[in-house]
Structures are given as structure tokens and as C-alpha cells.
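Asker: Take a look at this one; I'll ask things after.
The values are calculated or read from the model by the stated rules, or taken from the named source; none is laboratory data. A quick note: this is a predicted structure, and the numbers were derived from the prediction, not measured. Positions of Cβ are backbone-derived with ideal geometry, glycine not excepted, and every protein chain shown enters the neighbour counts.
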Amino acid sequence: MKRVGNFTTIFDAECGFSIIAVAETLIRMLLDHDYEPVVLVQDQFSRNQSGAEHIVPFKEVSPPSIWNRQTVDLRPVIPPLELTQKAGPDFETRVKRILRVLRKNLTGVDVCITQDIILQEWYQEHNVAMRRYAQERPDMLWLHWIHSVPSGKAHAVAQDAWATPEHCRHTPPPGYIIYPNDTDRNLVAQAYGVPMHAVKPCRAGHAIDPLLLWPYHELTKTLARKADLLGGEIVTIYPARLDRGKKVEKIIRLLAGVQHAGHETRLLILDWQSAGPRFQAYKDELLALADSLGLWGKVHISSRMHDGCSQGVPRRVVLELMDLSNVYIHPSESETYSLTIHEAITRGNLIVLNQDLPMMRELFGDCGIYMDFGSARNRRTYKPNEQAFWNDEALRLIAEMKQNRALMARTRALREWTPQALWKEFEPLLYLPPSYEET
């Protein structure tokens, strides 16, 4: 496995600067996949601001910081230079200080990621020091993340002219330039005087893990991960005491229709006080039905996933899981109001209500779509058979989803733009040849 270094100028990881978020995302992705990254930060980096000793008012306000030596090989070694846009008379001395640090701390590193070092004119000393060290280490792969394009085109300069501060921002760097979109790829190539294949579009650094972004309860995160909620296109949770009148089998058949239409789906049943033998028998039937309809591993019951859910799930966790779902289906055969429907509406879910309960229209009107789930007063029969009926209704549900751009955008972000999903874009970069001339 490659040893990956990160050359940054970060001195305060708690500020909201987006470059820090990108660096942190890449480091977390490496850690999550068993890499052991080396992270260089400024030597004035404060653990009180950004590490294990950082004090927060509540235990779960934010995810554990990676900016500490207990989590990552964090090295506060980059000199905190007084940065200037123009090179001063001590430019060469400052370059040598940084070069000594790179020599000492990047020994044994196979790949080095930089953050805006080749872009910002404030980092001319860092840029030149990096290029000098690259000449000493032709075996090392450099991946230069940049988040803008320097104005102007590359300079036509003699070999090694990049060593001067006025040229280092407009000459080819060692390795590859990583940019978050493909649209500007040609502009980037022109700005640095490199061929197009030396610029690699990759949005992995801008991935967002919603389970880390928000202060979710640990149980929320555990259930979401075990049920793979972020892997579904149509995702629903159903909080209920699991008596048969809740008609969970209707949800399963509808979602089987969604799966049959070619869309990934997930169902997480949050059962409450449902530990007795009759409840266990119903749970077994539901899971067997899901398996028989091709939903193996896509239908989960909270009490069978986590010991802390044996008697139910806290309301806070229910609401947070609604944030991670996009559809709420309520097929119960009898009802007076249903707080869960109301709650799901406040969380932005598409609501599917029971056509056969007249009070649903009284209470919720056109806030949802209606389907023939049947009720205690109106028993339904389905032709030609029940599953064929729900397969057709699934197409209506999918069409309704696709008409809602906000819901589709959120679904796509939760499913496709996470670190877990975008790792497939990031990891291949680590195994490029050191020079684009070899590709």
C-alpha cells in the first residue's frame, strides 16, 4: 500500500476555509481505507484549536477531529513564514528552510498531495522548495490539488526557470494537477503549460459525508451505516409498533416494485415495544417476504440490528433518520392522526398516504400522494395479483420522485457525492506513474 503525504500550510483547522475541508476529506478517506497518511502543517498548529484536547460544550456537537496525533501522523513542521506576494531578499533562505523540512518528513513517502501550493502567489517559497525536492525524488508521485486557475498562460522559459518566484506559478509542476471539474481542464493545462492528460478532474475532495457533517446521534449513524441508507435511491423508514395492522408488507411489495423497475431501495423498520412472540413471528414473515421479492439485505429491523433498540428508538434518532431518507410510506389500516407523517413532512420526505383512510385527506390534503393500501373498513383485492399491482404503483412513485428536483438533488448528493462513493475516483490517482510523460 502506498505511503501518502499531505503538504499543507494549515495552521487552524477549526476555521471554515473550504481548502481545509477538502484536505480533511481526503485525509479521512485515506484513513477509512487503511492508508497511513503523513500530514504536514504549520509548526504553530494548535492542538487546543484542532485536536484531541479541543473542548466542546456537548459530547456530540461535532465528529471526532482528525487533527491530532492520536488519529493521524500529524507533523507541525512547516515554517510559519510571513507571506508576501513579492519575493523578498531572503527568498532563497526561506526556500531552504522549507526544503529541509520536506527532506526530513517526506522520506519514505510514495505520493505527496499538495493543497494550492502551485496556485497561490503567497506560497512561492513552498512552490519552489517542492519543485527542488521533486528533482531529488523522481520516484515520488505529486498530486497538486488546486481550486482555481491562475490568470494568464504558461511562460515560455528555459529549463529550471521555475526556480524563480515570478515563474513558478506558470510552469509545469512535477506530477499531476487535480482539479474539481472537467470543464476548465483546458484552461488549467494552458495556465501551467502541461498537456491535457496531466490535469485530472476529480471531485473526491469535495465529497460530503452527511453522517459527519451534522451532529447526529451515534445510534443514528450506526443504524444508517448498517442499513446502508445512503446506498439507496428510494429510501424509507417506518417507525411502528409491529402489529399486523401496520401493513408493513405493503411497503415491502411497493419497494420490490421499485427494485423491479431498476432502482436501488432501502427500508429500515424502527420497531417499538415489539419483543413478544407474535411480533417476532411477524418480523420473520416480513424479512422472508423481502427475501422472496429480491430485497435481501435491503430491509432491516432496528431491534435486530442493535441491542439498544430492543424496546424502541429515541424520537431524535427517528427524526434524524428521516433526514437520511427521501420517502415516507404510511400504509396503516387504521389511524387517527399519525405524528410520524407530520414529522416526515417537516423533514422534506415525499409522503405516500393511504387512499382508504378518509381522514388522511382531511388532515394532510395534497401534501402527499395516495395509494390503495386498504383499511379495516375497506379490504382491497388486487388484480391480476397483488405484486403486479404494486409494481405498477412503484412506477407512479418513481415518476413522482423524478418530478421533484430538490428531492432528486438531495438523493443524489446523499448517494453519489459522499466519500464512500467517490473513493473510486480518488484511489486510482495514487497509482499513477510519477510523471505524466510516462502515461
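Asker: I want to confirm something. Restricting to the range 420-429 and keeping residues that are touching a Lys or Arg at 6+ places or on another chain (Cβ under 9 Å) and either hydrophobic (A, V, I, L, M, F, W, C) or in the same structural domain as Tyr328 (by TED's automatic domain parsing) (or both), which single residue is farthest from Asp323 (Cα to Cα)?
Answerer: Applying the filter and picking the extreme gives Leu429.
For (1) among the basic types (Lys, Arg); (2) at pLDDT below 95; (3) part of a helix (DSSP H, G or I); (4) surrounded by 16 or more Cβ atoms within 10 Å (Cβ to Cβ), each residue gets a yes or a no:
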| position | (1), (2), (3), (4) |
| --- | --- |
| Met29 | no, no, yes, yes |
| Asp34 | no, no, no, no |
| Val41 | no, yes, no, yes |
| Gln49 | no, yes, yes, no |
| Val56 | no, yes, no, no |
| Val61 | no, yes, no, no |
| Ile66 | no, yes, no, yes |
| Arg69 | yes, yes, no, no |
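Asker: Is it true that Thr114 is touching a Phe, Trp or Tyr at 6+ places or on another chain (Cβ under 6 Å), modelled with pLDDT of 95 or more, among the β-branched types (Val, Ile, Thr) and buried (at least 18 other Cβ atoms within 10 Å of the Cβ)?
Answerer: Details: touching a Phe, Trp or Tyr at 6+ places or on another chain (Cβ under 6 Å): yes; modelled with pLDDT of 95 or more: yes; among the β-branched types (Val, Ile, Thr): yes; buried (at least 18 other Cβ atoms within 10 Å of the Cβ): yes.
Here the answer is yes, as Thr114 does meet what is asked.
Asker: While we're on this one: Please work out which one of (1) in contact (Cβ under 8 Å) with a residue 40 or more places away in the chain; (2) touching a helix residue (DSSP H, G or I) at 6+ places or on another chain (Cβ under 7 Å); (3) of a type in the set (Gly, Ala, Ser) is the condition Ala290 fails and give its number.
Answerer: (1)
Asker: Select from the range 1-25 the residues that are part of a helix (DSSP H, G or I) and among the small types (Gly, Ala, Ser) and write down the one among them that is surrounded by the most Cβ atoms within 10 Å (Cβ to Cβ). Reasoning before the result, please.
Answerer: Residues of the range 1-25 part of a helix (DSSP H, G or I): 18-25.
So of that shortlist, the ones also among the small types (Gly, Ala, Ser) come out as 18, 21, 23.
On the way: Ser18: 10, Ala21: 17, Ala23: 25.
It comes out as Ala23.
Asker: Now for a separate question. Over 24 Å from the mean Cα position of the chain (by Cα), without any contact (Cβ under 8 Å) to a residue 12 or more places away in the chain and under 28 Å from Asp284 (Cα atoms): does that describe Leu353? Don't jump to the end; show me each part of the working.
Answerer: Values: over 24 Å from the mean Cα position of the chain (by Cα): yes; without any contact (Cβ under 8 Å) to a residue 12 or more places away in the chain: no; under 28 Å from Asp284 (Cα atoms): yes.
The answer is no for Leu353.
Asker: Another question about this same structure. Which one is surrounded by the fewest Cβ atoms within 10 Å (Cβ to Cβ) among residues in the range 311-339 that are touching a Phe, Trp or Tyr at 6+ places or on another chain (Cβ under 6 Å) and in a loop (DSSP other than H, G, I, E, B)?
Answerer: Restricting attention to the range 311-339, the residues satisfying the condition of being touching a Phe, Trp or Tyr at 6+ places or on another chain (Cβ under 6 Å) are 312, 320, 331.
Now narrow it down to the ones that are in a loop (DSSP other than H, G, I, E, B): 312, 331.
On the way: Gly312: 19, Pro331: 25.
Checking each candidate, the answer is Gly312.
Asker: Search the range 81-107 for residues that are aromatic (Phe, Trp, Tyr) and loosely packed, with under 12 Cβ neighbours inside 10 Å and pair each with any residue that is at pLDDT below 95 and part of a helix (DSSP H, G or I) when their beta-carbon atoms are under 7 Å apart and the residues are at least 6 apart or on different chains.
Answerer: none
Asker: So, one more: So which residues in the range 283-338 are among the charged types (D, E, K, R) and either outside the structural domain of Asn378 (by TED's automatic domain parsing) or more than 26 Å from the chain's Cα centre (by Cα) (or both)? Steps first, answer last, please.
Answerer: Of all residues in the range 283-338, those among the charged types (D, E, K, R) come to 283-285, 291, 298, 304, 307, 315-316, 320, 323, 333, 335.
Residues satisfying the conditions are Lys283, Asp284, Glu285, Asp291, Arg304, Asp307, Glu333, Glu335.
Asker: Take the residues in the range 361-387 that are touching a helix residue (DSSP H, G or I) at 6+ places or on another chain (Cβ under 9 Å) and in a helix (DSSP H, G or I), then tell me which one is nearest to Leu293 (Cα to Cα).
Answerer: Once the filter is applied, the top-ranked residue is Gln387.
Asker: Just one of Glu136, Glu82, Glu125 is of a type outside the set (Ser, Thr, Tyr), assigned by TED's automatic domain parsing to the domain that holds Tyr179 and at pLDDT below 90; which is it?
Answerer: Working: Glu136 fails: at pLDDT below 90; Glu125 fails: at pLDDT below 90.
Of Glu136, Glu82, Glu125, the one residue that is of a type outside the set (Ser, Thr, Tyr), assigned by TED's automatic domain parsing to the domain that holds Tyr179 and at pLDDT below 90 is Glu82.
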